[in-house]
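Below you'll find the structure, written out as structure tokens, and then a few comments.
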Amino acid sequence: MSPAREIACPSCGAPVKFTSVASLLSVCSYCSSTLIRRDLDIENLGKMAELLPDSSPLQLGVEGRYRGKHFSVVGRLQAQYPDGAWSEWFLAFADGRSGWLGEASGTYMVTFETAVKETLPRWEEIQGNPGMVITLKGQRFEVSDARAARVIGGEGELPLRVMQGYETRAADLRSDTEAFATIDYTDEPPRVYLGEVVEFDALALRGLRQFEGW
């Protein structure tokens, strides 16, 4: 993992880290100022919105292993839709890679942004079309979910600019194996994230949140 770059928050002076080379943004844990990295300069984008409370066992600073590689949870993105909310956790790996750990109803998915050669369907084609077959990197997937949501905010480090209220559009894809994919239509061109569904215990997570009664 690349050495962390630590700066003083321009609003409160508290230390703020950029652990991953992929991190574009970092939220001050003391005053919630949103700091974006531009080469050698840091721009303050203002206060990050407060996140909704949840019962996730994950939190910033959790460490684990995926396929033999150590990772740390360094950031979180939270989005809300009419029926609820979910979080995506940004991972910094010891080998310099970055990825995402998603959680939904007790299911966990590790994914990595991946370039694909296949032509992607338009959002209008994929939305409301569960079961649609899509091939990515030669792997057959079916659309399991496609929805628009509003970003609430984020914490820690993130590889993209995040501010409250913007709309995100994404489709989740499942296969007949544990392979998993997400196509994010928020930007143009869409971003593809490929990975797999993983067992919670297989991640060997340390530093989890503790709840009364555990």
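The values are calculated or read from the model by the stated rules, or taken from the named source; none is laboratory data. Owing to the predicted nature of the structure, the values given are computational and were not obtained by experimental measurement. Cβ placement follows ideal geometry from the backbone for every residue including glycine, while neighbour counts extend to all protein chains displayed. We work out accessible area using only protein heavy atoms, side chains counted, and drop any ligands, DNA or RNA first. Shrake-Rupley method; radii C 1.70, N 1.55, O 1.52, S 1.80 Å.
Observations, loosely collected:
- Strands (runs of 3 or more DSSP E) contained entirely in the range 1-88, each with at least 2 residues that are at pLDDT 85 or above and more than 27 Å from residue 146 (Cβ to Cβ): 5-8, 15-18, 25-27, 33-38, 63-66, 69-81
- Residues (open to solvent by 50 Å² or more (accessible area, probe 1.4 Å) and over 26 Å from residue 203 (Cβ atoms)) located in the range 100-129: 117, 118, 119, 122, 124, 125, 127, 128, 129
- Cβ-Cβ under 7 Å pairs, at least 6 apart or on other chains, the range 98-117 side of a type in the set (Asp, Glu), far side part of a strand (DSSP E or B) and open to solvent by 50 Å² or more (accessible area, probe 1.4 Å): 113/191
- Filter result for residue 188 (assigned to a loop (DSSP other than H, G, I, E, B) and over 19 Å from residue 81 (Cβ atoms)): yes
- Tabulated pairs, the range 128-140, first over 12 Å from residue 116 (Cα atoms), second open to solvent by 60 Å² or more (accessible area, probe 1.4 Å) and in a loop (DSSP other than H, G, I, E, B), C-beta under 9 angstrom, 6+ apart or interchain: 140/176
- When residues in the range 101-116 are screened for being out of contact with any Leu (no Cβ under 8 Å at 6 or more places or on another chain) and assigned to a strand (DSSP E or B), 4 of them pass.
- Note on the range 146-162: residues that are farther than 15 Å from residue 126 by Cα, out of contact with any Leu (no Cβ under 7 Å at 6 or more places or on another chain) and either surrounded by fewer than 18 Cβ atoms within 10 Å (Cβ to Cβ) or free of Cβ contacts under 8 Å to residues at least 12 places away in the same chain (or both) amount to 1.
- The single residue among 135, 168 that is assigned to a strand (DSSP E or B), of a type in the set (Ser, Thr, Tyr), over 19 Å from residue 64 (Cβ atoms) and at pLDDT below 95 turns out to be 168.
- Within the range 175-202, residues that are within 19 Å of residue 125 (Cα to Cα) and open to solvent by 70 Å² or more (accessible area, probe 1.4 Å) reach partners that are in a loop (DSSP other than H, G, I, E, B) and modelled with pLDDT under 95 with beta carbons closer than 9 Å, at six or more positions or on different chains, in the pairs 187/160.
- Which numbered condition residue 64 fails, given (1) farther than 22 Å from residue 184 by Cβ; (2) open to solvent by 10 Å² or more (accessible area, probe 1.4 Å); (3) touching a residue at least 12 places away in the same chain (Cβ under 8 Å): (2)
- Filter pass, residue 209 being surrounded by 11 or more Cβ atoms within 10 Å (Cβ to Cβ), modelled with pLDDT of 95 or more and among the basic types (Lys, Arg): no
- Lone unmet requirement of (1) closer than 19 Å to residue 85 by Cα; (2) more than 14 Å from the chain's Cα centre (by Cα); (3) assigned to a strand (DSSP E or B) for residue 143: (1)
- Any hit, the range 10-28, residues being free of Cβ contacts under 8 Å to residues at least 24 places away in the same chain and either surrounded by 15 or more Cβ atoms within 10 Å (Cβ to Cβ) or in contact with a His (Cβ under 6 Å, 6 or more places away or on another chain) (or both): yes
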